[in-house]
Amino acid sequence: VVGLVLFLAVLVVPLRLAARALARLETGLGELESQARGLLAGTIGMLAAYIFLTAETEKQLWLVLALLAAVPTLVSADRAEPDRG
């Protein structure tokens, strides 16, 4: 039970972090926003595919979850950077 809870936390926390960071972005569909939305959609698709596939030796899920966890940092850096008009 403890392992399942920790595994679900590892899955849910990066998804929530990325969703909150996307909510903070303006809805202009800039480059960062479209990449982050694509990464989030791809992660959800990968999790759905892993229900039907045996992928315990695959490392792509962990890499994508790490990228999702980095999205809030990228959003903060993008918002702090002045416009490059």
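Starting from 0.36 nm per residue, how many nanometres of slack lie between Leu74 and Trp62 once their C-alpha separation is accounted for?
Numbers: separation 12, 0.36 × 12 = 4.32 nm, distance 1.85 nm.
Result: 2.5 nm gained on full extension.
What is the helix-to-structure angle for 31-52, meaning the angle in degrees between its Cα long axis and the longest Cα principal axis of the chain, kept from 0 to 90 and rounded to the nearest 10?
10 degrees
What number, rounded to the nearest 500 deg cm²/dmol, is the helix-based mean residue ellipticity at 222 nm of the chain, given -39500 (n - 2.57) per DSSP H run of at least four residues and division by all its residues?
So the calculated ellipticity at 222 nm is -27000 deg cm²/dmol.
Averaged per residue, what accessible area in Å² does the chain show with a 1.4 Å probe, protein chains only?
72 Å²
If I take every Cα pair under 8 Å that is 6 or more residues apart in the chain, average their sequence separation and divide by the length, what percent do I get for the relative contact order?
45 percent
Using +1 on the beta carbon of Lys and Arg, -1 on that of Asp and Glu, and nothing else charged, what's the dipole of the chain about the Cα centre, debye to 20?
200 debye
Counting only protein heavy atoms and a 1.4 Å probe, tell me what percentage of the chain's accessible area is made up of carbon and sulfur.
So the carbon and sulfur contribution to the accessible surface is 67 percent.
The values are calculated or read from the model by the stated rules, or taken from the named source; none is laboratory data. Remember, predicted model here, so these are calculated numbers, not experimental data. So basically every Cβ, Gly included, is an ideal-geometry build from the backbone, and we count neighbours across all protein chains shown. The protein model used for the area step is the full one, side chains on, heavy atoms only, and it has no ligands, DNA or RNA in it. Shrake-Rupley method; radii C 1.70, N 1.55, O 1.52, S 1.80 Å.
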